[in-house]
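Read through the structure below, which is laid out as structure tokens, and then see the notes.
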Amino acid sequence: MSGCGCAEVVTPGLLDLFDARARMIAAARPIRGSERVSLAQATGRVLMDEVRATLDMPGVDNSAMDGYALRRAEFGAEGLPVTLRVPAGAGVLRLPEGGCARIFTGAPVPLGADAVVPQEWVRLDPEGRMHVEGELAAGANIRRRGEETREGELLLPAGTRLDAAAIALLAGHGLGEVGVVRRLRVALLSTGDELIEPGSARVPGQVYDSNRVMLLALLVQAGGEVLDLGVIADAPHDLHQAFSQARDIADLVMCTGGVSVGEEDHVRPVIERLGGIAFHGVAMKPGKPFALGYLGDSLHAGTPLIALPGNPVASLVGWQLLALPFVQVRQGREAAPLQRFPVAAGFSRRGPRGRRELLRVVLDWSAGAPVARLAGGQGSHMLSAASQAHGYLMIDANHNVEEGHAYGYCPAVQFLD
Ligand code: AMP
Ligand code: MG
């Protein structure tokens with residue numbers, strides 16, 4: 001792991017993975033603009049402004065149990081007659097002197113009562129009087145008005161990603177709709193003369209474009225709105241045209257393929273003609289040919305562009321470790337911390353030279369504690385292992401993997417938020 005003090009030889013010219021990630025986060029600026037959506041439409045959206053409690057929660061003292069509400073001072077060996085019935089939804093009633101109330105969970109505790117006895121503790125005698133064994137504590141089984149939050153207190157800060165619990169919290173405060181950051185508009189394209197659409201007929205040598213639908217799924221999962229520009233040929237003119245169009249319609253341009261340094265890789269020179277490159281090349285395996293650039297005068301004045309590798313697993317890993325935090329910040333939230341915790345390797349393997357390696361692994365819990373096992377073939381073109389993997393085992397550059405030793409494990413994106 002970084003900071004272990006081990007000597008790491010990293011390929012010259014490649015940026016360290018964590019430096020690259022920090023640069024991505026620092027380079028991202030939140031977009032402006034909001035919209036109001038109903039709570040039913042709010043899943044995964046990002047709160048525009050903080051939300052404060054609209055009422056005390058709970059709104060009134062209410063019963064935590066199905067049982068009987070009573071005045072402790074009136075309670076004795078002779079029991080109490082049941083003189084009131086308070087179902088959920090009843091208003092705030094008053095407990096008549098010398099009696100107790102049948103009450104149900106969530107129903108307002110009648111004025112004058114100072115404890116609720118669960119029905120399991122109660123015996124009703126033939127005259128219908130209520131008897132209890134044991135002690136009654138003051139306030140027992142009463143949920144107090146405002147004990148969770150008071151009106152005006154902060155419920156959710158701006159930038160919160162709305163998940164099921166957050167949406168329920170808003171609903172509990174009576175809010176039917178909420179102001180959220182508008183969706184990040186991302187223009188997405190893949191490049192490669194060999195690429196064809198899934199669903200069409202193929203001749204040998206052609207490759208189905210799997211990255212574009214993968215990135216589309218990942219962008220949608222991250223809350224973005226995708227403008228799909230399709231497959232662009234390995235030709236500078238076509239790329240130039242596509243990037244020029246993308247620049248004007250999107251908050252972010254994302255492309256995959258053609259970003260290595262072969263003579264069929266035209267992405268970088270075209271970006272340099274239309275804008276510039278912030279960095280290119282990260283010391284990770286897979287995922288080395290990753291670039292952050294921009295179309296226009298600068299990263300902030302122009303439209304940022306993320307170029308992901310063409311190899312499908314490289315694209316997937318580059319997305320999770322580098323592109324996703326950028327998208328999260330642009331979408332108005334904080335970059336989710338990179339989760340990494342030690343997990344023992346269930347295999348030995350020669351380590352990566354000059355780059356950190358992210359091995360696709362599954363966690364085997366059969367022995368109680370997790371053991372990471374290879375999910376399948378580790379080629380950067382092998383989606384089959386990536387599709388099985390629970391996450392990545394991160395191996396530092398120039399370190400071998402030894403069975404039984406622990407390495408940093410990062411859950412795969414589908415197991416995060
Ligand atoms: P490139 O980055 O363009 O050099 O491509 C590297 C490898 O990834 C090649 O084998 C390409 O055929 C493959 N590849 C590139 N783009 C895609 C894509 N969108 N979907 C699937 N495979 C791709
Ligand atoms: Mg290519």
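The values are calculated or read from the model by the stated rules, or taken from the named source; none is laboratory data. Just so it is clear, the model here is predicted, and its values are computed rather than measured. Note: ideal-geometry Cβ built from the backbone for every residue, glycine included; neighbour counts use all protein chains shown.
Here Ala307 clears all of (1) part of a strand (DSSP E or B); (2) in contact (Cβ under 8 Å) with a residue 40 or more places away in the chain; (3) surrounded by 18 or more Cβ atoms within 10 Å (Cβ to Cβ); (4) away from ligand 2 (no atom under 16 Å from the Cβ) except the condition numbered (4).
Scanning the stretch 278-304 for residues that are touching a helix residue (DSSP H, G or I) at 6+ places or on another chain (Cβ under 6 Å), hydrophobic (A, V, I, L, M, F, W, C) and farther than 14 Å from Leu17 by Cβ, we see that the one that is nearest to ligand 1 (Cβ to nearest atom) is Leu295.
Among the residues of the stretch 324-337, those identified as within 17 Å of Pro411 (Cβ to Cβ) and either over 18 Å from the mean Cα position of the chain (by Cα) or buried (at least 16 other Cβ atoms within 10 Å of the Cβ) (or both) are Leu324, Pro325, Gln328, Ala335.
The residue pairs whose first member lies in the stretch 221-237 and is over 19 Å from Ser210 (Cα atoms) and in the same structural domain as Asn211 (by TED's automatic domain parsing), whose second member is assigned to a loop (DSSP other than H, G, I, E, B) and within 16 Å of ligand 1 (Cβ to nearest atom), and whose beta carbons are closer than 8 Å, counting only pairs six or more residues apart or on different chains, are Ala235/His266; Pro236/His266.
Can you tell me which of Val109, Val122 is of a type in the set (A, V, I, L, M) and in contact with a Leu (Cβ under 9 Å, 6 or more places away or on another chain)?
Working: Val122 fails: in contact with a Leu (Cβ under 9 Å, 6 or more places away or on another chain).
Exactly one of Val109, Val122 is of a type in the set (A, V, I, L, M) and in contact with a Leu (Cβ under 9 Å, 6 or more places away or on another chain), namely Val109.
Among residues belonging to the stretch 206-228 that are part of a strand (DSSP E or B) and within 14 Å of ligand 1 (Cβ to nearest atom), point out the one that is surrounded by the most Cβ atoms within 10 Å (Cβ to Cβ). The qualifying residue surrounded by the most Cβ atoms within 10 Å (Cβ to Cβ) is Val207.
Residues in the stretch 59-77 that are within 15 Å of Trp121 (Cβ to Cβ) and not hydrophobic (A, V, I, L, M, F, W, C): Ser63, Asp66, Gly67, Tyr68, Arg72.
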